[in-house]
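Below: the structure, in structure tokens.
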Ligand code: UD1
């Protein structure tokens, strides 16, 4: 019976694995013998960064939690590797499926491939070209030892072809993060603070920041937040503070006006906030995909992106990390001149179904009744 290890470690992984698990369960009900083991590495462990997503998205309890917790890049990565290796030695799966670009994805792909377990990478092939981001190293290493690539865009396919990956290993399936977005559109919830802060649709900004470049240095974070505060023309700026950012915030000399600091939000509340915002200002990659599909203007405080389709087709624009560049962008937004964008190909809510069909073919599934 083919068993797939599904690896999840950090917040952006959870919305990507949810539809894949649902699609496997649905195939099982139709007689498929595909099975899975859900492995949570424990990279993220707070309820707000992990548990809330499992309960809201109906993800089953992990079969295994490696419980690695936080650490430096090497400490965290090595700890995941040692613990996952020992799990695989006790019981190996038919395939190791990793999603996205977090340390857990890279660590588990290395361990699996060294033990002769094939690796599938969901969201393979995307590249920012920026080696200062740990995620870019994770993408490059993972993709260099991946057997099967499930991709979100034609650009990703082309990146892989340029690295000599043959077409029979590339499966252009769409975007599982968007599967989750579309599946939950009717379940979105206003956060508890909505009324208390007097928020109104289209009359506030949402900001998220967690990249080390932006948030690990007090001066840089102060400059960014002050720039946003100056440019928001008195509208509220709702800022769910990532735990990494919270550490630096404690040392911030002052919290600029209009900023409303809130806890990291559960999925349904966060998407509700983004969907009704005037614009989202972020250094996340995943959020640029979600805002593209919802048609919400998005300003990315980074110099590069691994998701160029959110710019060429979507509502996203790269502003860079110098906040003075934000002001002209905000002027265009307030003048009603932001682009509207289109939805990229196959971002239609069916990526996970496509992935599971391919997995059944690859793993030689036979219908148990057949
Ligand atoms: C990680 C991913 C990043 C992803 C982000 C989403 C890597 C290299 N980075 O970055 O790609 O966009 O998750 O959040 O894998 N912490 C808590 N509670 C938690 C988790 C973390 O307090 O549940 C704190 C810890 O003090 C930790 C810090 O946040 O040191 C950063 O966590 P870590 O997993 O190292 O990286 P992220 O910045 O979250």
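For segment 128-223, the strands (runs of 3 or more DSSP E) that sit wholly inside it and include 2 or more residues that are more than 17 Å from residue 102 (Cα to Cα) and either in contact (Cβ under 8 Å) with a residue 12 or more places away in the chain or assigned by TED's automatic domain parsing to the domain that holds residue 118 (or both) are 170-172, 204-208. Looking across segment 224-240, the residues that are assigned to a helix (DSSP H, G or I), touching a helix residue (DSSP H, G or I) at 6+ places or on another chain (Cβ under 8 Å) and closer than 20 Å to residue 298 by Cβ come down to 224, 227, 228, 230, 231. When residue 262 is tested against (1) more than 16 Å from the ligand (Cβ to nearest atom); (2) farther than 22 Å from residue 100 by Cβ, only condition (1) is not met.
Against the numbered list (1) surrounded by 18 or more Cβ atoms within 10 Å (Cβ to Cβ); (2) within 16 Å of the ligand (Cβ to nearest atom), residue 55 comes up short only at (1).
Within segment 81-106, no residue satisfies the criterion of being near the ligand (Cβ under 10 Å from one of its atoms) and over 17 Å from the mean Cα position of the chain (by Cα). Here is the figure for segment 8-52: residues that are part of a strand (DSSP E or B) and within 12 Å of the ligand (Cβ to nearest atom) total 2.
The single condition among (1) touching a helix residue (DSSP H, G or I) at 6+ places or on another chain (Cβ under 8 Å); (2) within 16 Å of the ligand (Cβ to nearest atom) that residue 268 does not satisfy is (2). In segment 79-107, the residues that are under 11 Å from residue 120 (Cα atoms) reach residues that are in a helix (DSSP H, G or I) and more than 16 Å from the ligand (Cβ to nearest atom) with C-beta atoms within less than 7 angstrom, at least six apart or across chains, in these pairs: 96/112.
The values are calculated or read from the model by the stated rules, or taken from the named source; none is laboratory data. Worth saying up front: this structure is predicted, and the values here are computed from it rather than measured. Cβ coordinates were reconstructed from backbone atoms using ideal geometry, including for glycine residues, and neighbour counts include every protein chain displayed.
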